[in-house]
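Report on the structure given below.
The values are calculated or read from the model by the stated rules, or taken from the named source; none is laboratory data. What you see is a predicted model; the values in this text were computed from it and never measured. All Cβ positions, even for glycine, are placed from backbone atoms using ideal geometry, and neighbour counts span all protein chains on display.
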Amino acid sequence: MMLHRSIFQLGQRYRNPSIPAWMKFLRSSDRWSREELETYQLTKLKELVSFAYEHSPYYRSIFEKENISSDEIKGLGDIEKLPILTKEQLLKNNKDIHANYKFKKTFTATTSGSSGDSLVFQREEAADSFNRAAIFRGYSWYEVQPWERNGYFWGFNFSWSERLKTWLLDTLQNRFRVFSYEEKAFKSFVMKLQSATYIHGYSSMIYQTAKLINEKRLERPKRLKLVKGTSEKIYESYQDEVEKAFGRKMISEYGAAESGIIAFECPHGKMHINMEGVIVEEMENEILLTNLQMFSFPIIRYKLGDYITLAKETEKCDCGRAHAILNEVTGRVGKSVYGHEGIYPSLYFYYIFKNLGKVHDLKLNYQVIQRTKGNLEFYVEQKMSEAEQNLLKKEIKRYFKEDISFTVIDDHMLSITNAKKKSFISHL
């Protein structure tokens, strides 16, 4: 363990020298009052707006046009005076949003492009280190150190050169990953899990691995302290299989490349917003995100593309942290659903299946595909009885009435695109 710790810290000093200072800060702010957290947010917001005006051609133009300056930001509520940034604007004005300031060290960051176009931008070392420190703080809630043995569920390249590079990077980080679900390779991966302290990655991959462990009746890992799902929604239907296979539920880390870590689930089951790093607004159920730590590519009131539900400010967590609570990430703001006559939000699917779980304790993994207007294909992973199919059909009709024709196909393996499982795929 000492060797892996030394290797990790050596790499950290080379790549992210700011992490120790950020960790010291975040350990302190972890127990700040709400007032202290909001005071810090206001200070950082003023600093960000002032810097963006000075060094980002895009924001300078926008702020001058709207007659906006940091002097007008006297309270957090004044953030509403600032313009909203859409994904289209972000992509179109990529170059001008970047700050014309010479940072000592930057990294190239790339979004997955799972919702459309991929975004490439520069992130300064301080912001990158803050983001990593925020993740490590979340690990500390579970008494996990980042250099401990860990299993990683993520995409990989099939070329031998890229796999060799991946293997080398994983080895340096005391990490291993599943490259194949073929029996021999998979059993080797499960054997390695016996020595792991934590596992993390795509929630759908963790779930599929848990299912295989349970189906093959393989030995359950004994040392796991943390099972963390990220990059995808964690469905309630995943948890039974995950707990059976790994001995604990899957917790959620919510973030994005543009925003960094937005929220991390504590051992008491609440998603605490990383208030030192972001300001989260909820507007018509959509998230607006301001990254308080990244100045090389300012992100202010950005429509990230997720539906969310924020807890009331009066809601508290038994862990004692005063950070705001994110009740739920309800799903991606995806393409519209087209009926024979009307147009509907894809969020309907979330509520259809949530209602089945809440009212009938029917927890299903699903994927909906639309190929033509007025027609939907509902694919369900679980084998369903006739009564269960009728419950689903009744719920679908509650939302779409007679404007949608649909078929239900159960006992079906759900498709994955770019290593992510999308709940709604539209070909229109």
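Restricting the search to the stretch 22-38, which residues are over 25 Å from the mean Cα position of the chain (by Cα) and surrounded by 13 or more Cβ atoms within 10 Å (Cβ to Cβ)?
First pass over the stretch 22-38, keeping only residues over 25 Å from the mean Cα position of the chain (by Cα): 33, 35-36.
Across the stretch 22-38, the qualifying residue is only Glu36.
Quick test for you: out of Ile199, Ile279, pick the one residue that is assigned to a strand (DSSP E or B), without any contact (Cβ under 8 Å) to a residue 60 or more places away in the chain and in contact with a strand residue (DSSP E or B) (Cβ under 7 Å, 6 or more places away or on another chain).
Selected residue: Ile199, the only one of Ile199, Ile279 that is assigned to a strand (DSSP E or B), without any contact (Cβ under 8 Å) to a residue 60 or more places away in the chain and in contact with a strand residue (DSSP E or B) (Cβ under 7 Å, 6 or more places away or on another chain).
Go through (1) in a helix (DSSP H, G or I); (2) under 23 Å from the mean Cα position of the chain (by Cα); (3) touching a residue at least 60 places away in the same chain (Cβ under 8 Å) one by one and return the number of the condition Leu91 breaks.
The failed condition is (3).
Closer than 18 Å to Trp32 by Cα, within 15 Å of the chain's Cα centre (by Cα) and in the same structural domain as Thr86 (by TED's automatic domain parsing), is that true of Val278?
Yes; evaluated as a whole, the condition is true for this residue.
When the residues of the stretch 214-234 are filtered to those that are buried (at least 21 other Cβ atoms within 10 Å of the Cβ) and aliphatic (A, V, I, L, M), which remaining residue is modelled with the lowest pLDDT?
Ile234
Which residues, counting only those in the stretch 258-287, are surrounded by fewer than 16 Cβ atoms within 10 Å (Cβ to Cβ) and not charged (D, E, K, R)?
Pro267, His268, Gly269, Met283, Asn285
Here is a yes/no grid of residues against (1) under 26 Å from Leu414 (Cα atoms); (2) in contact with a Ser or Thr (Cβ under 9 Å, 6 or more places away or on another chain); (3) not aromatic (Phe, Trp, Tyr):
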residue	(1), (2), (3)
Glu183	yes, no, yes
Ala196	no, no, yes
His200	yes, yes, yes
Lys216	yes, no, yes
Lys225	no, yes, yes
Thr230	yes, yes, yes
Glu258	no, yes, yes
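Search the stretch 6-29 for residues that are over 23 Å from Asn274 (Cβ atoms) and pair each with any residue that is hydrophobic (A, V, I, L, M, F, W, C) and part of a helix (DSSP H, G or I) when their beta-carbon atoms are under 9 Å apart and the residues are at least 6 apart or on different chains.
Hits for this filter: Ile7/Leu172; Gly11/Leu172; Arg13/Ile19.
Quick check on my filter: what residues within the stretch 235-251 are touching a residue at least 60 places away in the same chain (Cβ under 8 Å) and either surrounded by fewer than 21 Cβ atoms within 10 Å (Cβ to Cβ) or in the same structural domain as Lys358 (by TED's automatic domain parsing) (or both)?
Glu236, Ser237, Asp240
Report yes if Tyr348 is of a type in the set (Ser, Thr, Tyr), over 19 Å from Tyr307 (Cα atoms) and surrounded by 13 or more Cβ atoms within 10 Å (Cβ to Cβ), otherwise no. It would help to see each step written out before you state the result.
On the way: of a type in the set (Ser, Thr, Tyr): yes; over 19 Å from Tyr307 (Cα atoms): no; surrounded by 13 or more Cβ atoms within 10 Å (Cβ to Cβ): yes.
For Tyr348, the condition - of a type in the set (Ser, Thr, Tyr), over 19 Å from Tyr307 (Cα atoms) and surrounded by 13 or more Cβ atoms within 10 Å (Cβ to Cβ) - is not met.
Against the conditions (1) without any contact (Cβ under 8 Å) to a residue 40 or more places away in the chain; (2) in a helix (DSSP H, G or I); (3) surrounded by fewer than 17 Cβ atoms within 10 Å (Cβ to Cβ), where does Lys74 fall short? Just the number, please.
Answer for Lys74: the failing condition is (2).
Need at least 3 residues that are touching a residue at least 12 places away in the same chain (Cβ under 8 Å), among the hydrophobic types (A, V, I, L, M, F, W, C) and within 30 Å of Met275 (Cα to Cα) per element, so show me which strands (runs of 3 or more DSSP E) inside the stretch 314-414 make the cut, counting only ones lying wholly within it.
Ranges flagged: 325-332.
Among the residues in the stretch 15-38, are any farther than 22 Å from Ser140 by Cα and at pLDDT 95 or above?
Checked the stretch 15-38: at least one residue is farther than 22 Å from Ser140 by Cα and at pLDDT 95 or above.
Give the residue that is modelled with the lowest pLDDT, with candidates limited to residues of the stretch 202-213 that are under 23 Å from Phe264 (Cα atoms) and part of a helix (DSSP H, G or I).
Among residues in the stretch 202-213 that are under 23 Å from Phe264 (Cα atoms) and part of a helix (DSSP H, G or I), the one modelled with the lowest pLDDT is Ser204.
Counting only residues that are acidic (Asp, Glu) and assigned to a loop (DSSP other than H, G, I, E, B), which one in the stretch 235-276 is modelled with the highest pLDDT? Don't jump to the end; show me each part of the working.
At the first step, the residues of the stretch 235-276 found to be acidic (Asp, Glu) are 236, 240-241, 243, 253, 258, 265, 276.
Still in the running and assigned to a loop (DSSP other than H, G, I, E, B): 258, 276.
Details: Glu258: 92, Glu276: 98.
Per the criteria, the residue is Glu276.
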